[in-house]
1. Roughly speaking, what % of Cα-Cα pairs in region A:3-118 are separated by over 20 Å, rounded to a whole number?
2. Students often get this wrong, so check it: of A:K155/B:K152; B:K45/B:K66; A:K28/A:K118; A:K152/A:K186; A:K66/B:K94, which have C-alpha atoms separated by over 26 Å?
3. For helix A:106-115, report the angle its Cα long axis makes with the longest principal axis of the Cα atoms of chain A; keep it between 0 and 90° and round to the nearest 10°.
4. Report, in whole Å, the centroid distance computed from the Cα atoms of region B:1-50 and region B:71-113.
5. With an 8 Å cut-off on Cα pairs and a minimum separation of 6 or more residues, tell me the relative contact order of chain A in percent.
6. Tell me, what ³J(HN,Hα) does each residue in region A:122-137 have, in order and in whole Hz, if you take phi through Karplus 6.51 cos²θ - 1.76 cosθ + 1.60 with θ = phi - 60° and put x for Gly and Pro?
7. Please average, across the residues of A:119-125, the number of beta carbons from any other chain that are within 10 Å of each residue's own beta carbon, and give a whole number.
8. If Rh is defined by the Kirkwood formula over all Cα pairs and Rg also comes from Cα, what ratio Rg/Rh do you get for region A:3-65?
2 protein chains.
Amino acid sequence: MSIMETYFKEKFPFSDDEIQLIFSYFKKVEIKKGAYFLEAGQYCKKIAFIEEGAVVFYQLIDGDEKSCGFTFENDWITQYKSLIQNITSELYIKALETTTLMEISLENMLELIAVLPKAIMLRTELAEEYFISSAQRASDLANLEAEEHYYKLIKDNPNLIHRVPQYYLASYLGIKPQSLSRIRAKS
Amino acid sequence: MSIMETYFKEKFPFSDDEIQLIFSYFKKVEIKKGAYFLEAGQYCKKIAFIEEGAVVFYQLIDGDEKSCGFTFENDWITQYKSLIQNITSELYIKALETTTLMEISLENMLELIAVLPKAIMLRTELAEEYFISSAQRASDLANLEAEEHYYKLIKDNPNLIHRVPQYYLASYLGIKPQSLSRIRAKS
DNA sequence: TTTCCTTCTTAACATATGTGAACGATTTTC
DNA sequence: GAAAATCGTTCACATATGTTAAGAAGGAAA
């Protein structure tokens with residue numbers, strides 16, 4: 001059983017036949033470390049499930065890469081704002097490791113939902129997950145000091161320590177890499 | 001024509017009959033300045049459109065009211081996370097002014113969608129609006145200095161200057177009221 | 001291995017924000 | 001209207017983060 005299949009059976013109440021139908025709309029894609037799932041300026045017209053690997057979301061501001069999120073295996077990626085508003089993305093989505101994806105185009109997703117209305121769950125799941133995590137990040141950025149924020153972050157997602165460069169972590173926390181180094185040096 | 005009616009006709013492709021049907025599921029509610037639309041610990045089971053007035057979303061942290069958003073007339077309010085996950089809210093939603101709402105219970109919303117499937121647009125609209133605004137807030141908190149953030153905020157929504165107490169604005173910006181005073185004193 | 005390049009760390013100093021307290025100004029309550 | 005409470009401002013000092021620069025550590029490529 002594939003990784004995505006296991007995920008689906010745990011998460012959603014689809015029958016085996018429905019899962020097979022759903023899977024027929026996806027295709028497997030591999031992106032090498034450092035390659036892009038999406039680049040700024042492009043229209044995002046796809047959604048993908050990470051079977052293996054990790055990606056970073058970032059924005060290019062004054063020449064610096066400012067991260068706004070990370071996603072690892074067993075989770076979804078897309079640039080939701082670009083996808084739903086049909087506008088160009090301001091974000092890059094880049095592979096931090098060689099990453100295996102199950103990808104579906106927006107077009108195919110809509111077709112799938114037309115054939116199997118229950119599949120709208122996937123889209124809803126995605127929207128809600130994105131909303132809740134970004135609301136949490138905003139709250140943490142406003143209410144926690146960088147140090148608390150850092151320890152909360154790596155406690156909630158230990159992957160971040162070893163699988164994400166520190167300069168991305170720093171920008172995600174809203175601080176400079178030197179400041180993150182200083183925080184880490186304390187302990 | 002009511003305020004909500006004008007909003008609907010501009011925003012959504014519903015017919016007059018559909019709008020009448022939709023409106024029959026809403027009821028008009030007034031909350032006085034300082035009263036709550038929702039309090040922390042409660043389950044949020046409703047969605048409302050503000051016809052007139054203003055509300056603040058805030059969290060109580062160490063005795064301080066930390067704002068995470070403001071909504072004015074012609075916009076929607078709900079505690080989306082509590083609503084969709086059926087958990088108690090961590091947020092208070094309080095009227096900053098005497099506020100007139102058009103309210104619909106979640107139950108009625110689901111019934112409405114069952115009767116008029118197109119009405120799912122309302123829910124999607126809400127989710128997307130919340131997601132995009134909270135992603136933008138997180139980005140601004142991480143990437144802007146307090147001063148830039150403040151001027152961007154009041155430029156994007158001039159209502160905030162005169163209709164929101166400064167201590168809420170300050171906590172929304174992730175700073176203390178004294179720091180906001182200092183920033184304002186510069187100009 | 002050696003070299004090169006990127007990332008991480010450290011340091012000194014500059015700047016921004018936090019803290020605690022006091023004072024007026026405004027609003028609310030009686 | 002008077003008293004009380006709330007809110008906004010200012011100040012001096014403490015702390016956190018930014019800036020600039022240099023060097024160490026680590027990984028990638030020859």
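Bear in mind these aren't lab numbers, they're just calculated from the coordinates by the rules spelled out. Only a predicted model underlies this, so the values are computations on that prediction, with no experimental measurement involved. In this analysis, Cβ positions are derived from the backbone assuming ideal geometry, glycine residues included, and neighbour counts consider all displayed protein chains.
1. Working: 2909 of 6670 pairs.
Across region A:3-118, Cα pairs with separations above 20 Å total 44 percent.
2. Numbers: A:K155/B:K152 33 Å; B:K45/B:K66 23 Å; A:K28/A:K118 23 Å; A:K152/A:K186 16 Å; A:K66/B:K94 34 Å.
Check vs 26 Å cut-off fails for A:K155/B:K152; A:K66/B:K94.
3. 40
4. If you average the Cα positions of each part, the centres end up 9 Å apart.
5. Details: 268 pairs, mean separation 43.8, N = 187.
Rounded, it is 23 percent for chain A.
6. Rounded to whole hertz, the list is 4, 5, 4, 3, 4, 4, 5, 4, 5, 4, 5, 6, 6, 5, 5, 5.
7. Values: counts 0, 2, 0, 0, 1, 5, 0.
Shielding by partners across A:119-125 averages 1.
8. 1.08
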